[in-house]
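Asks: What follows is a structure written as structure tokens; I'll ask about it next.
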Amino acid sequence: MNYTWTGKQEKVMLDIRENNPKITVLSGGKRAGKTFMAIICFVAHVQQFEGKGLDFILGGATISTIQRNVLNEMERMGIRTNLNKNNAFRLAGNNIYCLGGDNASSWKTARGFTAYGAYLNEGTALHQTFVKEVLTRCSGKGARIIIDTNPENPNHTIKKDFIDKSGELIDKTDRPNVLAYHFTMDDNTVLSNEYKQSIKQSIPAGYLYDRDILGLWVGVEGLIYKEFKAETHLINVNKNQTYERYIAGVDFGFSEGHNGVIVVFGIKEGNYYLIEEHAHTGRYIDQWCEVALEIIDEYGDMVFFCDSARPEHVAKMRDKGIQAVLSNKRVMSGIETVAKLFYQNKLFISVGAKVFQEEIYNYVWNEKTGEPVKAYDDVLDAIRYALHTDSIVNQKDPVSADEGAEIVHKISIY
């Protein structure tokens, strides 16, 4: 393959060739070149079994994230990835099955396979039962597993079960079971220094910077949205001004202590303005549909990004002519999106959003799990659903790690 590797990529590839690990883990900062390397490793492994009609697994949080993170990149390399009805495609005469693995029941999708290898994209986004099932299914002779991931809490199973065991040998052999490699954004010398500096300046100091830029597995503590500053972000929003477009976030709730919520954002020049907050207990879905229709009457048609936990409520909203869609509920990624918007002073909240003001100072991390404490989060969840899903829907195609490289079909690294 004709490709100018970064120094870090070349060093890692040589080490993989020499040591031949059963499981390879590429972890570290964002835009560090991990995914591109993982794809190369996976494609090269599949091509070793060219024309044999064997089965391989390509796992990700969902089929859509696999498409966005992996298949689109493969297409840019000239690899055809048209999925059939089984979410599979052919590569080098073999079958590549794409499986979503972000929830506790996802492991069932991997049952029945005898796989000869797997690539798991965004390992920390996958449920641990899915990861374990995929590893169990890779029982074909010569099978390899490649995992790429951004870091999260240091107690995450990907770190404890794989990264912390890097270098351990397979019993009675000299072959490593796992080799893990760490990357930072600065390892990707394909990216311009101007681009990297811009990204660094857009991320607040603390755990976000340590994880996204330095690729460190660090914990979190205290308030979740430390970047929120009332004197800056809490404003008298003019709901009558002209916005470029509107979106809404919906969190379904009913009982005492769990509000149902609809929040409405006006968007202008890349800034988000929360202009309406509706938060109540004891309201049924028909009543929430009335609220949504009143919002549409006032501001015009818009998308309502909804909590996917109640698909029957989403269906009811659609029956009423409301553009209700399931949101992306990735908690850590969504929190990061909101935190960055506060840090960049691109998110502003109406002073009339009273429930938000109660939640924002009580929404905290669980120090043991590194996840949010499930309290004071109804309005904040609705905000996260809207802003994170909107950022995905409207994101621009990121700078590719193989920019300017000549990609050919045949790859040989093993």
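Asks: So which of Val379, Val408, Val331 is modelled with pLDDT of 90 or more and farther than 24 Å from Gly206 by Cα? Spell out how you get there, then give the answer.
Replies: Working: Val408 fails: modelled with pLDDT of 90 or more; Val331 fails: farther than 24 Å from Gly206 by Cα.
Just one listed residue meets the conditions, Val379.
Asks: Additional query: Would it be correct to say that Val218 is surrounded by 14 or more Cβ atoms within 10 Å (Cβ to Cβ), over 28 Å from Ala309 (Cα atoms), not assigned by TED's automatic domain parsing to the domain that holds Asp307 and not small (Gly, Ala, Ser)?
Replies: Working: surrounded by 14 or more Cβ atoms within 10 Å (Cβ to Cβ): yes; over 28 Å from Ala309 (Cα atoms): yes; not assigned by TED's automatic domain parsing to the domain that holds Asp307: yes; not small (Gly, Ala, Ser): yes.
So Val218 passes the test.
Asks: Out of Ala110, Ala143, Ala125, Ala115, which single residue is at pLDDT 95 or above, under 19 Å from Ile66 (Cβ atoms) and not basic (Lys, Arg)?
Replies: Numbers: Ala110 fails: at pLDDT 95 or above; Ala143 fails: under 19 Å from Ile66 (Cβ atoms); Ala125 fails: at pLDDT 95 or above.
Answer to the selection: Ala115.
Asks: Look at Leu179 and say whether it is farther than 21 Å from Gly215 by Cα, touching a strand residue (DSSP E or B) at 6+ places or on another chain (Cβ under 7 Å) and not in a loop (DSSP other than H, G, I, E, B). So that I can check it myself, show each step before the final result.
Replies: On the way: farther than 21 Å from Gly215 by Cα: no; touching a strand residue (DSSP E or B) at 6+ places or on another chain (Cβ under 7 Å): yes; not in a loop (DSSP other than H, G, I, E, B): yes.
No.
Asks: Ok, one more. Can you pull out every residue in region 225-282 that is of a type in the set (D, E, K, R) and outside any loop (DSSP other than H, G, I, E, B)?
Replies: Keep residues of region 225-282 that are of a type in the set (D, E, K, R), which gives 226-227, 229, 231, 239, 244-245, 251, 256, 268-269, 276-277.
Glu231, Arg245, Asp251, Lys268, Glu276, Glu277 - these are the residues of region 225-282 that are of a type in the set (D, E, K, R) and outside any loop (DSSP other than H, G, I, E, B).
Asks: A further question on this structure: Please go through region 135-162 and give me each residue that is in a helix (DSSP H, G or I) and within 20 Å of the chain's Cα centre (by Cα), ordered by number.
Replies: Narrowing region 135-162 to residues in a helix (DSSP H, G or I): 135-137, 157-161.
Selection gives Thr157, Ile158, Lys159.
Asks: Pairs under 6 Å by beta carbon, first residue in the same structural domain as Gln128 (by TED's automatic domain parsing) in region 158-177, partner assigned to a helix (DSSP H, G or I) and of a type in the set (S, T, N, Q), six or more apart or different chains?
Replies: Final answer for the pair search is Ile158/Thr124; Pro176/Asn19.
Asks: Taking interchain pairs and intrachain pairs at least six residues apart, which have beta carbon atoms under 6 angstrom, with the first residue in region 30-55 and over 15 Å from Ile147 (Cβ atoms) and the second of a type in the set (Asp, Glu) and part of a helix (DSSP H, G or I)?
Replies: Between residues of region 30-55 that are over 15 Å from Ile147 (Cβ atoms) and residues that are of a type in the set (Asp, Glu) and part of a helix (DSSP H, G or I), the close pairs are Lys30/Asp212.
Asks: A further question follows. Would you call Leu208 within 20 Å of Pro372 (Cβ to Cβ) and surrounded by 16 or more Cβ atoms within 10 Å (Cβ to Cβ)? Outline the logic, then answer.
Replies: Values: within 20 Å of Pro372 (Cβ to Cβ): yes; surrounded by 16 or more Cβ atoms within 10 Å (Cβ to Cβ): yes.
Criteria met by Leu208.
Asks: Follow-up question, since we're still on this one. Within region 361-390, restricting attention to residues that are over 16 Å from Val220 (Cβ atoms) and among the β-branched types (Val, Ile, Thr), which residue is surrounded by the most Cβ atoms within 10 Å (Cβ to Cβ)?
Replies: Out of the qualifying residues, it is Ile383.
Asks: Any idea which of (1) in contact with a Lys or Arg (Cβ under 9 Å, 6 or more places away or on another chain); (2) of a type in the set (D, E, K, R); (3) closer than 26 Å to Lys329 by Cα is the one Lys22 doesn't satisfy?
Replies: Status for Lys22: all satisfied but (3).
Asks: I'm told Thr35 meets every condition in (1) under 16 Å from the mean Cα position of the chain (by Cα); (2) in a helix (DSSP H, G or I); (3) crowded, with 23+ Cβ neighbours inside 10 Å; (4) not basic (Lys, Arg) except one. Can you identify the failing condition by its number?
Replies: (3)
Asks: For region 326-365, which positions are without any contact (Cβ under 8 Å) to a residue 24 or more places away in the chain and more than 15 Å from Leu380 (Cβ to Cβ)?
Replies: Applying the first criterion (without any contact (Cβ under 8 Å) to a residue 24 or more places away in the chain) to region 326-365 yields 326, 358-359, 362.
Leu326 - this is the single residue of region 326-365 that is without any contact (Cβ under 8 Å) to a residue 24 or more places away in the chain and more than 15 Å from Leu380 (Cβ to Cβ).
Asks: Would you pick out the residues in region 115-157 that are surrounded by fewer than 16 Cβ atoms within 10 Å (Cβ to Cβ), out of contact with any strand residue (DSSP E or B) (no Cβ under 7 Å at 6 or more places or on another chain) and touching a residue at least 40 places away in the same chain (Cβ under 8 Å)?
Replies: Once the filter is applied, which keeps residues that are surrounded by fewer than 16 Cβ atoms within 10 Å (Cβ to Cβ), out of contact with any strand residue (DSSP E or B) (no Cβ under 7 Å at 6 or more places or on another chain) and touching a residue at least 40 places away in the same chain (Cβ under 8 Å), region 115-157 yields Pro154, Asn155.
Asks: Based on this model, can you work out whether Asn84 counts as surrounded by 17 or more Cβ atoms within 10 Å (Cβ to Cβ) and assigned by TED's automatic domain parsing to the domain that holds Lys30? Talk me through it step by step, then tell me what you get.
Replies: Working: surrounded by 17 or more Cβ atoms within 10 Å (Cβ to Cβ): no; assigned by TED's automatic domain parsing to the domain that holds Lys30: yes.
The answer is no for Asn84.
The values are calculated or read from the model by the stated rules, or taken from the named source; none is laboratory data. Keep in mind that this is a model prediction, so the values were computed, not measured. Positions of Cβ are generated from backbone atoms using ideal geometry, with glycine treated the same way; all protein chains shown enter the neighbour counts.
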